[in-house]
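Since the structure comes first, as structure tokens, the remarks are kept for the end.
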Amino acid sequence: MKPYIVCHMVASVDGRILHSRWRPATREGGELFERLHGRIGGDAWLVGRVTGQEFAKAQAYDAHADRTYPREAWLPRRDADAYGVVLDARGKIAWGRSDIGGDPIVVALTEQVTDAHLAGLRRDGVSYFFAGRRELDLKAVVEFLSRELGVKRLLVEGGGNVNGEFLRAGLIDEISLAVCPVVDGARGAPSVFDSSAADADLRAPLAEMALESCEVLERGAVWLRYRLRNDAPAAPSEPS
């Protein structure tokens, strides 16, 4: 059983998500993102390694471990109202903290991660689990969150590559997109949904998008919510 998955993003009119490049220049994108995040609600939110790195407080973990750790989940916290989930396949982020804004950090790893990195995560009190030998299996990730942490609603919140991977895997049930009255207008900025060069020709198994709501916000922003139907197995009902 997987959670109900909402991809939640704030973007410019041309679909770009790097706020520092927006014109007219504004600082309102981040505040709007957080406010709408709270209105959607959820048991967990998920980002990729690049976004997760922005929250890290340490430079690196020790290079060596004093023992070998089994490749099995380590979850010191199972009672949180919400979790911050980070995809870090090979264990690149040294956290120096155990939570983000009060939400315990949970890291999804592959079995390629080093024992030294696992030791560092344990010292920081960061939960972790494994979802693949060499590459992360997104279906395994979300099924673990549902089964072991009771996550019923998961907010996938980018960057664009992570959002694109979830979209192409047929895992997104809803898109929440706030469009701000700004533009990027140049090449090279990340977009709401993106891909690596290797995945550029892969298409999402998306069969239908239905507009659920459209709300005009302050200062000309528009909040769109779409329900998705994928050609993958039927999505779960939205939790009450």
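Values quoted throughout were computed directly from the atomic coordinates according to the rules given, and no laboratory measurement underlies them. On a predicted model such as this, the values are computed, not experimentally measured, just so you know. Every residue, glycine as well, gets a Cβ built from its backbone with ideal geometry; the counts of neighbours run over all protein chains shown.
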* Structure fact -> Given a Förster distance of 25 Å, the FRET efficiency implied by the Cβ-Cβ spacing of Leu224 and Asp14, rounded to the nearest 0.05, works out to 0.95
* Work out, step by step, the length gained on full extension between Leu217 and Arg122: first 0.36 nm times the residue separation, then minus their alpha carbon distance; give nm to one decimal. => 29.9 nm
* Structure fact -> Within the chain, the percent of DSSP beta bridges that are antiparallel, given to the nearest 5, stands at 45
* Structure fact -> From DSSP H assignment alone, runs of 4+ in the chain each adding -39500 (n - 2.57), the sum over residues rounded to the nearest 500 puts [θ] at 222 nm at -6000 deg cm²/dmol
* Alpha carbon centre of segment 10-31 versus segment 189-224: separation in Å? -> 15
* With each label point set 7 Å from Cα along the Cα-Cβ vector, what nm distance links Glu208 and Gln59? -> 5.6
* Asked: How big is the convex hull of the Cα atoms of segment 50-150, per residue, in Å³?
  -> 92
* Asked: Taking the Cα centre of segment 50-150 as origin and charging only Cβ (+1 Lys, Arg; -1 Asp, Glu), how large is the dipole, in debye to the nearest 20?
  -> 180
* Structure fact -> With R₀ set to 22 angstrom, the calculated FRET efficiency between the beta-carbons of Thr114 and Arg147, to the nearest 0.05, is 0.25
* Asked: What does a probe at Arg23 reach in segment 158-183, counting residues whose amide N is under 17 Å from the point 7 Å along Cα→Cβ?
  -> 181-183
* Local electrostatic count, Ala89, Cβ distance below 13 Å [Lys/Arg +1, Asp/Glu -1] -> 0
* **Per-residue Cβ neighbour rank within 10 angstrom, fewest leading, Cys7, Cys214, Cys180** => Cys214, Cys180, Cys7
* To do: Hey, could you get me the Stokes-Einstein D for the chain, Kirkwood radius over alpha-carbon pairs, 37 °C and 0.692 mPa s, rounded to whole µm² s⁻¹?
  => 176
